[in-house]
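> After the structure tokens below, expect a handful of questions from me.
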Amino acid sequence: MADLFLRERHVPKEQRKNVEKHCQQIAFSLDQAREYFRSAEISGPTTRALMAYYGLIALANAEVLWLGDGEVSFDKRDDRFKAHGLELVQGSEISDFSVRPVNDHRGISGLFGLWRQLSTHLPHYGKHTTFYPPKNSEWSAAITSKVSNLSSLPMPDRPITLMECLKHIPAMRPALDAYGDQSSLCRGVITQSRTSWPDGGISNVQRQFLLYGQTDEVYQDILERFRLAPNVVPEFEFEQIGSGIAVTWKAHPDFVDVANFSMPEIFAHSLDRLFFVGSGEYLNEFGYYYSALYVAGMVTRYFPHIWIKELRRNSKGAVLINELVDHALLRVPVLAASALERRVFIYD
């Protein structure tokens with residue numbers, strides 16, 4: 001790990017001891033996360049959400065240490081980043097309990113603030129088909145965009161409820177559907193095609209975003225994320241296909257520059273299904289697990305009189321939190337691996 005750090009960051013070799021110390025802290029964080037997640041797997045409902053939250057923040061520390069420099073190591077970290085950086089806001093029901101980032105004069109503090117400074121969204125990806133006239137073609141899965149830094153997207157000036165977080169976690173869709181709650185994410189797929197000529201020329205570049213399975217309100221929220229420069233507006237078509245919406249970009253033959261438009265962010269799933277994000281783009285999927293598990297963990301830790309009642313009557317809030325923890329134990333490590341390895345991991 002130290003060799004990789006030195007090579008990728010162009011750190012002088014005389015700093016190797018410091019780099020090894022830094023990497024030991026990453027390894028410690030990963031070990032700690034594994035132990036917390038194992039505890040969550042075998043714990044009962046009174047503690048498992050809290051154990052899952054501590055496992056997640058251990059992975060957040062690993063991300064921060066890997067993505068940052070020596071100033072974010074445990075022994076060098078600014079004091080303003082040594083707390084959680086989040087506070088709980090009590091609601092009338094568990095799903096209304098909220099999380100509020102702690103701000104000081106320099107922005108969001110605590111580990112959450114430091115993690116958010118360094119974290120990014122995943123890039124878009126999709127199925128790319130290249131046609132070789134007259135008859136041949138091939139396809140591959142490939143990236144179609146740059147990454148967006150979370151720090152460039154303002155957090156809302158209000159608490160974020162547990163239910164808002166759950167509505168932005170893809171794995172929670174079936175549980176939400178069972179209670180008649182609508183996810184804030186929209187299923188979709190991205191495809192791209194082009195023609196490659198023997199002389200090396202490229203033509204007929206086309207990219208399509210297909211959105212489906214959502215309400216008009218969610219569609220509108222996500223479509224507002226398609227922001228186009230005036231000169232590329234003629235290259236785009238928006239049309240309704242059945243109950244879905246297709247956004248097609250047909251690139252001008254002489255000018256292909258994706259910087260002239262921006263797209264909604266995505267949460268990864270499989271090659272043929274990803275999830276588009278609307279106005280909740282200020283957090284990535286890991287960030288929504290982060291916020292949701294904080295609320296769930298703090299409720300079970302500091303409001304046991306409420307949590308016990310919810311468990312005894314098997315309430316909606318109790319069921320959703322247990323579902324959240326189940327999915328977090330599987331999904332959060334994958335999301336952390338994606339950030340550490342800078343790859344998009346998708347399901348077959």
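Since every read-out is calculated from the coordinates, none of them should be taken as a lab result. Nothing here was measured: the structure is a model prediction, and the numbers come from that model. No Cβ is skipped: glycine too gets one built from the backbone with ideal geometry, and neighbour counts run over all protein chains shown.
> What ranking of ILE306, ILE321 emerges when the number of other C-beta atoms within 10 Å of each C-beta is taken as an exposure proxy, fewest first?
ILE306, ILE321
> Beyond 24 Å, what share of the Cα-Cα pairs of the chain is found? Please give it as a whole percent.
In whole percent, the long-distance tail amounts to 61.
> Using Stokes-Einstein with the Kirkwood hydrodynamic radius over Cα pairs, what translational diffusion coefficient do you get for the stretch 16-172 at 20 °C and a viscosity of 1.002 mPa s, in µm²/s rounded to a whole number?
Taking Rh from Cα pairs, D becomes 115 µm²/s.
> When only alpha-carbon atoms count, how far does the stretch 235-305 stretch along each of its three principal axes, as whole angstroms with the largest first?
That works out to 64, 30, 22 Å along the principal axes.
> Moving to a separate point now. What does the C-alpha gyration tensor say about the overall shape of the stretch 156-221? Classify as rounded when a/c is under 1.5, otherwise prolate if a/b is larger than b/c, or oblate.
The shape class here is prolate.
> List the lysines whose Cα lies under 28 Å from the Cα of LYS135, skipping any in the same chain that are fewer than 8 positions away.
Reachable lysines: LYS127, LYS250.
> Something else now. Name the residues of the stretch 125-144 whose amide N is less than 16 Å from a point 7 angstrom out from the Cα of TYR212 along the C-beta direction?
Hits in the stretch 125-144 for TYR212 at 16 Å: 127.
> I would also like to ask the following. Give, as a single signed number, the net charge of other residues whose beta carbon lies under 14 Å from the beta carbon of ILE160, with Lys and Arg counted +1 and Asp and Glu -1.
Overall, the nearby charge balance is -1.
> Which of the aspartates and glutamates could be linked to LYS76 by a straight reach, that is with a Cα gap under 17 Å, when you skip same-chain ones fewer than 8 residues away?
Filter leaves GLU20, GLU63.
> Next question. Taking amide H atoms as placed 1.01 Å from N in the peptide plane, list the residues 5 or more away in sequence, or in a different chain, whose amide H sits under 5 Å from that of TYR125.
THR144
> Quick one: order HIS305, HIS327 by neighbouring beta-carbon count within 10 Å, fewest to most.
With the sparsest Cβ surroundings first, the list reads HIS305, HIS327.
> Report ³J(HN,Hα) in whole Hz for each residue of the stretch 44-55, in order, from the Karplus equation J = 6.51 cos²θ - 1.76 cosθ + 1.60 where θ = phi - 60°; Gly and Pro get x.
x, x, 6, 10, 5, 5, 5, 5, 5, 5, 5, x
> Report relative contact order for the chain in percent, whole number only (criteria: Cα-Cα under 8 Å, sequence separation at least 6).
Reported as a whole number, the value is 19 percent.
> Here's another thing I want to ask about it. Principal axis lengths of the stretch 1-105 from Cα atoms, whole Å, largest first?
56, 40, 20
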